[in-house]
Amino acid sequence: MYEEPYRWVEAVGNRRQYLDEQFKQGSPVVALAYEQGIVLLTVSKGTPKLYEIYDRLALGGMGHPADLEKLRFSLLEMAHVEGFNRSPSDVTGSRMVKYGIAPVIKQAFEEVFKAPFIVKILLAELGPKAGRDAFLVINYDGTFEEGSGCAVVAATRQVEQEMATYLRGQSSIPLPLDRAVGAALRAWALGDRAQRRAAEETGGGEETKAGTQSGAADAATLDAHFRHAAAEKSVECAVLDRTQPGSSKYRTLTVEELGRLLPPDVNLSLE
Amino acid sequence: MGMQGDFFQLLKEQGYQFGAPATAGSDLEMPNATTILAFKYRDGVLVAGDRRATAGNMVMYDRTDKVLEIDRHSVMAIAGVPATAYEMVRVLEHSFKYYRRTQLQELSFEGKLRAVSKLLKENVAAALAGTGAVAPIFAGYDFEQESAKIYFYDILGAEFEGVEYAVSGSGSPTIRGILHYLNTWGEQPLSALSEEQSTVQALRLLTSAAEFDSATGGVNREANLYPVIKFITAGGVRTMPDAQLKPLFEAKVVRHV
């Protein structure tokens, strides 16, 4: 029945709606350049959402864990085979996305007989020098964007923009790690709050209209939201640290480190 | 079967072949002579190697690095045909990283040892034909046993644990005896030496090897060329900088008679 062009367009449209619905409850992912590299942060429950891909490449994802795992494996395979056959410096985020997973995600999205990938992906690439970092964001339909300084994935484009604007407003120069973690955490809180409000709005009719504008974005309010939203979940935080010895620059921050780096008023009981 | 996290398997699936099929005759002069050594000292394991690469009686290169870091906690010192040895190191390096990144945990120390054996076995034909023989020393920190360990291999892939020390390469017969003597009747066993004392011993051993083996480079002070010396402890692998080797060599190794 999809052989008619109109039906196909309709089916793809339905797919968009279905996928948008899937991300509503998801936890956003934030990546931000700091003094010595890039910090990534998210809040997760159960399955991790931040991964090491290659020496200078980190992955953050939203969506279905099984789909994320599939794409993570193809990224890992591609990166390691390429890094072995050519050289580690030929393994760039941009190549992995453009010629690697973006076409695969797009194809799955448009083959309306098959299931699409329920994922949004963020790839952070540590550059050889500060200021040369790259951030790539791939949407569930295979479209991608490359940026610098910071990147986020969240339920909707609007929320993503709100979060990115917040991050850009923090500082024009890269922050030290503790302040970068603070900024990433507040951007996450901002995104999570906006997503919850959007969900309430569509669920609860029109009366909440007044509350939809993002509301206060001061540190204390966002920290309070974070405390509430991240309770009983775990804060995941990883860095690509330019100063780390050896070729692998990725490192997951330990619970103790996070305890020191998180803003004091967040004071989560980290397990 | 990417789910197993086996990088070597993945390479083979992509058409990669390790080591050339053996066809060459045995009268080719392959660059393969060297001296590498490893022994346990107070804080972990010291691994050292000279820097000369030779082909027959010709010196090919005097700045070879034969003590190679595979990851933050393991080192392979190579003796044998460099082309094969470097390729092995590259495969191992990517295999350990690939395993860690796919399986989200470090490959165990035993797993790492097996990986070295497997590559050597894959290489048997070339080793026997004389075009690809490698006899490495593999040393690393074993977190399960909480100690640094030394293993050495023959060219066919058999694995032996060097409980106190291990040597390989053309200069090794000379220093094997010295190591035995030092460890048995020295003022203190090798395992009691401090980092500085063990460095002095390593420099003396390589200098002795160079004295009797033309294929071992030793120390060349005029060219500021010192052996490569690395330490493996729970904290990872560390290289002794030349700036520290130089004064030690001058004070403790050069003969002052």
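A:ARG196 versus B:VAL163, label points 7 Å from Cα toward the beta carbon: distance in nm?
Inter-label distance under the simple model: 6.3 nm.
Inside 10 Å of the C-beta atoms of B:65-78, what's the mean count of C-beta atoms belonging to other chains? Kindly include the intermediate steps, with their values, before the conclusion.
Details: counts 0, 0, 0, 0, 3, 0, 3, 5, 0, 0, 0, 0, 0, 0.
Mean partner shielding for this stretch: 1.
Given B:LYS66/B:LYS118; B:LYS40/B:LYS66; A:LYS129/B:LYS112, which pairs have Cα atoms separated by over 29 Å?
On the way: B:LYS66/B:LYS118 20 Å; B:LYS40/B:LYS66 19 Å; A:LYS129/B:LYS112 33 Å.
Beyond 29 Å: A:LYS129/B:LYS112.
Please calculate how many Å² of accessible area the protein assembly as shown carries per residue, with a 1.4 Å probe and no DNA, RNA or ligand atoms counted.
Details: 24830 Å² over 528 residues.
Result: 47 Å² per residue.
Partner chain Cβ atoms within 10 Å, averaged over the residues of A:79-92 - can you pull that number for me? Mind showing how you got there, number by number?
Details: counts 4, 9, 8, 0, 5, 12, 4, 0, 0, 3, 0, 0, 0, 0.
Averaged over the peptide's residues, the number is 3.
Report the residue, chosen from A:GLY26, A:GLY131, A:GLY93, that carries the largest GNM mean-square fluctuation when chain A is represented by alpha-carbon nodes joined by springs under 10 Å.
A:GLY131
Between B:ARG204 and A:SER148, what FRET efficiency comes out of the Förster formula 1/(1 + (r/R0)^6) with R0 = 56 Å and r the beta carbon distance, rounded to 0.05? Intermediate values should be presented prior to the final figure.
Working: r = 54 Å, r/R0 = 0.96.
With R0 = 56 Å, the Cβ-Cβ based efficiency is 0.55.
Longest segment of chain B with no trypsin sites (Lys or Arg not before Pro) in a DSSP loop having at most 16 other Cβ atoms within 10 Å? Please list the in-between numbers first.
Numbers: sites that count: B:ARG42, B:ARG63, B:ARG221, B:ARG255.
Longest run free of exposed loop sites: B:64-220.
I'd like to compare A:116-129, A:160-173: which one has the highest average count of other Cβ atoms within 10 Å, and what's the full order after that? Display every interim value, and only then the final one.
Details: A:116-129: 22.4, A:160-173: 16.1.
Ranked from most to least packed, the peptides come out as A:116-129, A:160-173.
Could you work out the per residue convex hull volume over the alpha carbons of chain A, in cubic angstrom? Don't skip to the end; give the middle numbers.
Numbers: hull volume 36.9 nm³, N = 271.
In chain A, the Cα hull volume divided by residue count equals 136 Å³.
In whole percent, how big is the carbon plus sulfur part of the accessible area of the range B:33-252, probe 1.4 Å, protein atoms only? Write out the running numbers ahead of the final one.
Numbers: 4690 of 9250 Å².
Carbon-and-sulfur percentage of accessible area, whole number: 51.
Say each of B:GLN9 and A:ALA115 gets a label point 7 Å from the Cα, pointing the same way as Cα to Cβ; how far apart are those two points in nm?
About 2.4 nm, to one decimal.
Round to a whole angstrom and tell me the spacing of the C-alpha centers of the range A:105-124 and the range B:187-257.
Rounded to whole Å, the Cα centres lie 57 Å apart.
I'd like the FRET efficiency for B:THR239 and A:ALA130, computed as 1/(1 + (r/R0)^6) with the beta carbon distance as r and R0 of 25 Å, rounded to 0.05.
On the way: r = 26 Å, r/R0 = 1.03.
After rounding to 0.05, the efficiency reads 0.45.
Given a Förster distance of 60 angstrom, what is the FRET efficiency for A:ALA216 paired with B:GLU146, based on the Cβ-Cβ distance and rounded to 0.05? Display every interim value, and only then the final one.
Values: r = 52 Å, r/R0 = 0.86.
That pair, A:ALA216 with B:GLU146, gives E of 0.70.
For the B and A pair, go ahead and give the buried accessible area with a 1.4 Å probe, both sides summed, in Å² to 100. Mind dumping the intermediate values first?
Working: alone 12820 and 13710 Å², together 24830 Å².
The contact between A and B buries close to 1700 Å².
May I ask you to list the residues of the range A:111-127 whose amide nitrogen lies under 11 Å from a point 7 Å from Cα along the Cα→beta-carbon direction of A:ARG168?
Output list for this probe position: empty.
Using a simple spin-label model with points 7 Å from Cα along the Cα→Cβ vector, what separation in nm is obtained for B:ASN183 and A:SER87?
4.0
Looking only at other chains, what is the average number of their beta-carbon atoms within 10 angstrom of each beta-carbon in B:99-105? Before the final figure, lay out the partial values.
Working: counts 0, 2, 14, 7, 0, 4, 0.
If you average over the peptide's residues, the count of other-chain Cβ atoms is 4.
The values are calculated or read from the model by the stated rules, or taken from the named source; none is laboratory data. Predicted, not measured: the structure shown is a model, and the values here were computed from it. So basically every Cβ, Gly included, is an ideal-geometry build from the backbone, and we count neighbours across all protein chains shown. Remember, those area values only see protein heavy atoms, side chains included, never the ligands or the DNA or RNA. Shrake-Rupley method; radii C 1.70, N 1.55, O 1.52, S 1.80 Å.
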